[in-house]
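Engineer: There's a structure below that I have some questions on.
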Amino acid sequence: MNHNNLSDIYKFTQRNMINWSLTSKFFHHNSRDTYTDDKHSKDISWIIKSSTGTLPTLDFLNRNFPNLIKNDTKCMLCNSAEESNDHIWKCPTLLPHIRSTFRLLADQAQTFLQKYADKLNLCITDSIKYSNTFCWSFYNDAPITDNATLLLRSYVSEDLFRTFRTHFLTQGATIKAILKFMETATRLIKRNIWKVRSAAWKDKKRRLQITKKSFKNYQRDPRMKTTRAPRCRNIGYICPQTVSLYNNYNRSDLIFIILASSNFLHSSVFFNQLTYDLSDDISYYSSPHYSRILMV
Ligand SMILES: [Zn+2]
C-alpha cells in the first residue's frame, strides 16, 4: 500500500475530523448473517479499498499491469486528469452523481433519525440540513466538503457523530444508529457512484479487448513479467496483535500509523476472514502476485 493514498486521512486526523472509535467499530461491523457470506466479503472489500485509497483506478492498474494499460491512465469520465483514488472523489463528471447520492444519504439519515431518535425529534430536518456532511449537496454549485469525502471513503466523521448524537439520550443508541446508517451509506456510494466509473471501465476493457483472463494470465506470460513495476515496501513494523484501534482512539498519531501499516491490514482478525472475490469490480485487479489476497 502506498502511504500517499492516506495523506488526506493524515491531514483529517491532525484536524481531529475522524471519530476513530466509531470508524473502528464500523470496520468490524457485520449485520449480515455470517462472516463468510459473499456479500459481507464484498462489503469489506469496498470498505478496505475506499478507506485505504486502494480502489483499482487506472494509475494503480497501470503500475500492476503496464502492458495492459499502456500508460493510458486518463480519467475515463472527464478525460482531464489521471484517474487515481484521489481524483475519483473530485472528478467533475462524477460530482453530479456524488451530489445526488448525498441528497439521498441526507434523506436516509433523516429517516434513520426519525425512526430511532429519542431526543429533539422536531429538529431532525435542520440537523441534517446544516450538517457539514450533507449541506453542500443541496446547492448545485457548492464544492464537496471534507466531511463528505470522509463518508465517501467509509470513515465516520466527528461531524456525522455530532449530528446523530444530538438526537439520542445515550452513546450506545447513537452508535447503533450510526452503524446502521454507515452500512446503508457505503452500499449506496458503491452502487450509485463507483458503478458509474465501473461502467466506463467495462467499455474501455471491451474496446481494448481486455478480459479477466488477461489479468489472470498476466504473470504467466514471460514477455510481460519483466516490465512490471517494483512493489513498494513499507518501512517499520507494528504488530497488529498487540494494538487495538478502539483502545487508542484518542491517539490520532498512533492510530494513523496503525491504519497506514499494511501489516495491520494483512493480519488483523478483521481481514483474516476475507475471501477471494472474482465476481465483482474492485477486488480482482489489485494484485497479480497474490491473486487470492485482497490487499496489496
Ligand atoms: Zn475525472
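Derivation of every value follows stated rules applied to the coordinates shown; laboratory data play no part. Values in this document were obtained by computation on a predicted structure and should not be read as measured data. Neighbour counts are summed over all protein chains in view; Cβ atoms, including those assigned to glycine, are modelled from backbone coordinates with ideal geometry.
Engineer: Of the residues that make up region 62-71, is at least one surrounded by fewer than 17 Cβ atoms within 10 Å (Cβ to Cβ) and either among the basic types (Lys, Arg) or near the ligand (Cβ under 10 Å from one of its atoms) (or both)?
Structural biologist: Within region 62-71, one or more residues are surrounded by fewer than 17 Cβ atoms within 10 Å (Cβ to Cβ) and either among the basic types (Lys, Arg) or near the ligand (Cβ under 10 Å from one of its atoms) (or both).
Engineer: What residue, among those in region 82-103 that are loosely packed, with under 15 Cβ neighbours inside 10 Å and not hydroxyl-bearing (Ser, Thr, Tyr), is nearest to the ligand (Cβ to nearest atom)?
Structural biologist: Pro92
Engineer: Something else about it: Can you name the helices (runs of 4 or more DSSP H) wholly within region 1-116 that have at least 1 residues being without any contact (Cβ under 8 Å) to a residue 40 or more places away in the chain and not acidic (Asp, Glu)?
Structural biologist: Fully inside region 1-116 and qualifying: 7-14, 38-52, 58-64, 66-69, 85-88, 95-116.
Engineer: Among the residues of region 157-209, which ones are in a helix (DSSP H, G or I), within 18 Å of Ala109 (Cβ to Cβ), of a type in the set (S, T, N, Q) and in contact (Cβ under 8 Å) with a residue 24 or more places away in the chain?
Structural biologist: Passing the criteria: Thr163, Thr184, Thr186, Asn192.
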